[in-house]
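Step one of this worksheet: look at the structure below.
The values are calculated or read from the model by the stated rules, or taken from the named source; none is laboratory data. Fair warning: this is a prediction, and the values are worked out from it, not measured in the lab. Note: ideal-geometry Cβ built from the backbone for every residue, glycine included; neighbour counts use all protein chains shown.
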Amino acid sequence: MQIMMGEPMPRQPGESGNNPETYPSYLSLGLSELQSRAVRAMEGLSRCAGCAVACLADRLSGTTGDCRSGRYARVSGFFPHFGEEPPISGWRGSGTIFFSGCNLRCIYCQNHETSQTDEGEEITERQLADVMLRIQDLGCHNINLVTPSHVVPQFLAALALAVPDGLRLPIVYNTGGYDSLATLRLLDGVVDIYMPDAKYDDDQVGLRLSGIPHYAKVNRLVLKEMHRQVGVLQTDANGVAVRGLLIRHLVLPGHLSGIAGIARFIASQLSGDAYANVMSQYRPCYNACQYESLDRRLTWEEYAEAVAAARSAGLWQGLPSVSPLDAPGFWRL
Ligand code: SF4
């Protein structure tokens, strides 16, 4: 397992401005409820419908599901991440844990070595609890679960071990957005910050590019449930996220991903104040070149149009404050 060390600088209880007795939310939930949810979730692995794929693999017997995961979570690395959105990384980093495997099959995946291979190590719930405690010792602002949709049972079991040992960091659930609503309900009162993708506005595009049916339909239900649980993003006096929803959309070349429809949904069905990061960093990776319009980077014009579409839908939080085409340093050729 890869571990990158940072300067130990433990976070102080109550530093977020919230009551250290009741925040993060899992402290209010109580240990026995946490343990009971972990047991229920682990039992579900025998016929797994833990994510929206619902492939019903018997993971307790060692079979792996469509996500390439069996009984134990597999972790490829953990470290303080300074490249997430400013409210997530803050100044001491977000404590990212990279889980191997994924319930999506994105042909352009930038992390395909982790998501589509067996890279990483299987770890027990005790080891995962120790990883979370180590991240806390490193001084990170939060525990950032990267691609966790297929390992929620293992995470809940690990959290129930880490809390009595002193874990006090909020949980960031950083997902591709193809989650099961039943699983999300197990996370109600556990996760303070949801950070889902909203990848596609069109189910057919999701099928072609990520190999799963009904992505747009499922994703909208997922966003609604997350918003119901935590609301719009709230930050502390230092601008660090304490609770809420932060939605990511990676703009694909040729507007394949459909930002306009997604932004209209977010603004009208969730909130015009929802935080939406419209991301420009697409580059052809993995099998992207098999698909004609994905074999190039985004143009600046495409990115500017995507931001304008989000803005005209009524969104503002997380968007660049000026048009990318007007930004200092942008040169037209
Ligand atoms: S989490 Fe994995 S095993 Fe469970 S339903 Fe999803 S893809 Fe299948």
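Can you tell me which residues in segment 136-169 are within 17 Å of residue 27 (Cβ to Cβ) and either in a strand (DSSP E or B) or of a type in the set (Val, Ile, Thr) (or both)? Step through it out loud before you land on a result.
So in segment 136-169, the residues within 17 Å of residue 27 (Cβ to Cβ) come out as 136, 141-143, 155-156, 158-169.
Correct list: 143, 163.
Residues of segment 175-187 being of a type outside the set (A, V, I, L, M) and either outside any loop (DSSP other than H, G, I, E, B) or out of contact with any helix residue (DSSP H, G or I) (no Cβ under 7 Å at 6 or more places or on another chain) (or both), which ones?
Of all residues in segment 175-187, those of a type outside the set (A, V, I, L, M) come to 175-180, 183, 185.
Listed by number, the residues that qualify are 175, 176, 179, 180, 183, 185.
What are the residues in segment 109-118 that are surrounded by fewer than 17 Cβ atoms within 10 Å (Cβ to Cβ) and not in a helix (DSSP H, G or I), if any? Give the steps one after another, and end with the answer.
Step one: list which residues in segment 109-118 are surrounded by fewer than 17 Cβ atoms within 10 Å (Cβ to Cβ), which gives 110, 113, 117-118.
Selection gives 110, 117, 118.
Which is at pLDDT 95 or above, among the β-branched types (Val, Ile, Thr) and part of a helix (DSSP H, G or I), of 190, 172, 218? Explain how you work it out, then say what you get.
Values: 190 fails: part of a helix (DSSP H, G or I); 172 fails: part of a helix (DSSP H, G or I).
Of the residues listed, the single one that is at pLDDT 95 or above, among the β-branched types (Val, Ile, Thr) and part of a helix (DSSP H, G or I) is 218.
For residues that are out of contact with any helix residue (DSSP H, G or I) (no Cβ under 8 Å at 6 or more places or on another chain) and within 11 Å of the ligand (Cβ to nearest atom), scanning just segment 58-67, find the one that is nearest to residue 96 (Cα to Cα). I'd like the intermediate steps shown before the answer.
To start, the set of residues in segment 58-67 that are out of contact with any helix residue (DSSP H, G or I) (no Cβ under 8 Å at 6 or more places or on another chain) comprises 62-64, 66-67.
Now restrict to residues that are within 11 Å of the ligand (Cβ to nearest atom): 63-64, 66-67.
Working: 63: 27, 64: 24, 66: 23, 67: 20 Å.
If we take residues in segment 58-67 being out of contact with any helix residue (DSSP H, G or I) (no Cβ under 8 Å at 6 or more places or on another chain) and within 11 Å of the ligand (Cβ to nearest atom), then 67 is nearest to residue 96 (Cα to Cα).
Provide a single number: the residues in segment 78-97 that are more than 16 Å from the chain's Cα centre (by Cα) and over 15 Å from residue 193 (Cα atoms). Before you say what the answer is, go through the steps one by one.
At the first step, the residues of segment 78-97 found to be more than 16 Å from the chain's Cα centre (by Cα) are 90-92.
This time we only want the ones that are over 15 Å from residue 193 (Cα atoms), so: 91-92.
Total meeting the criteria: 2.
Which one of these is under 20 Å from residue 114 (Cα atoms), within 12 Å of the ligand (Cβ to nearest atom) and not polar (S, T, N, Q): 77, 95, 70? Explain how you work it out, then say what you get.
Values: 77 fails: within 12 Å of the ligand (Cβ to nearest atom); 95 fails: within 12 Å of the ligand (Cβ to nearest atom).
Sole residue among the options that is under 20 Å from residue 114 (Cα atoms), within 12 Å of the ligand (Cβ to nearest atom) and not polar (S, T, N, Q): 70.
Within segment 119-159, take every residue that is surrounded by fewer than 22 Cβ atoms within 10 Å (Cβ to Cβ) and small (Gly, Ala, Ser) and give me the one that is farthest from the ligand (Cβ to nearest atom).
Top of the filtered list is 139.
Yes or no: segment 51-70 includes at least one residue that is closer than 26 Å to residue 165 by Cβ, among the hydroxyl-bearing types (Ser, Thr, Tyr) and touching a Phe, Trp or Tyr at 6+ places or on another chain (Cβ under 6 Å).
Scanning segment 51-70, I find no residue that is closer than 26 Å to residue 165 by Cβ, among the hydroxyl-bearing types (Ser, Thr, Tyr) and touching a Phe, Trp or Tyr at 6+ places or on another chain (Cβ under 6 Å), so the answer is no.
Which of the residues spanning segment 132-145 are aliphatic (A, V, I, L, M) and more than 18 Å from the chain's Cα centre (by Cα)? Walk me through how you get there before you give the answer.
Within segment 132-145, the subset aliphatic (A, V, I, L, M) is 132-133, 135, 138, 143, 145.
Matches in segment 132-145: 133, 138.
Can you pull out the residues in segment 10-37 that are touching a Pro at 6+ places or on another chain (Cβ under 7 Å) and at pLDDT 95 or above? Spell out the reasoning first.
Just the residues of segment 10-37 that are touching a Pro at 6+ places or on another chain (Cβ under 7 Å), to begin with: 13-14, 20, 24, 31.
Of everything in segment 10-37, those that are touching a Pro at 6+ places or on another chain (Cβ under 7 Å) and at pLDDT 95 or above turn out to be 24, 31.
Quick check, is residue 104 within 11 Å of the ligand (Cβ to nearest atom) and in a loop (DSSP other than H, G, I, E, B)?
In short, yes.
Here's a check for you: in segment 271-294, which residue that is charged (D, E, K, R) and touching a residue at least 12 places away in the same chain (Cβ under 8 Å) is nearest to residue 257 (Cα to Cα)? Lay out the reasoning, then the answer.
If we filter segment 271-294 for residues that are charged (D, E, K, R), which is where we start, we get 273, 283, 292.
In the following step, the residues that additionally are touching a residue at least 12 places away in the same chain (Cβ under 8 Å) were identified as 273, 283.
Numbers: 273: 22, 283: 14 Å.
The residue in question is 283.
Look at segment 172-206 and say how many of its residues are farther than 30 Å from residue 140 by Cβ and either among the β-branched types (Val, Ile, Thr) or within 16 Å of the ligand (Cβ to nearest atom) (or both).
Looking only at that region, the number is 2.
Just checking, which of 93, 83, 120 is touching a residue at least 60 places away in the same chain (Cβ under 8 Å), among the small types (Gly, Ala, Ser) and under 25 Å from residue 240 (Cβ atoms)?
Numbers: 83 fails: touching a residue at least 60 places away in the same chain (Cβ under 8 Å); 120 fails: under 25 Å from residue 240 (Cβ atoms).
Going through 93, 83, 120 in turn, just one is touching a residue at least 60 places away in the same chain (Cβ under 8 Å), among the small types (Gly, Ala, Ser) and under 25 Å from residue 240 (Cβ atoms): 93.
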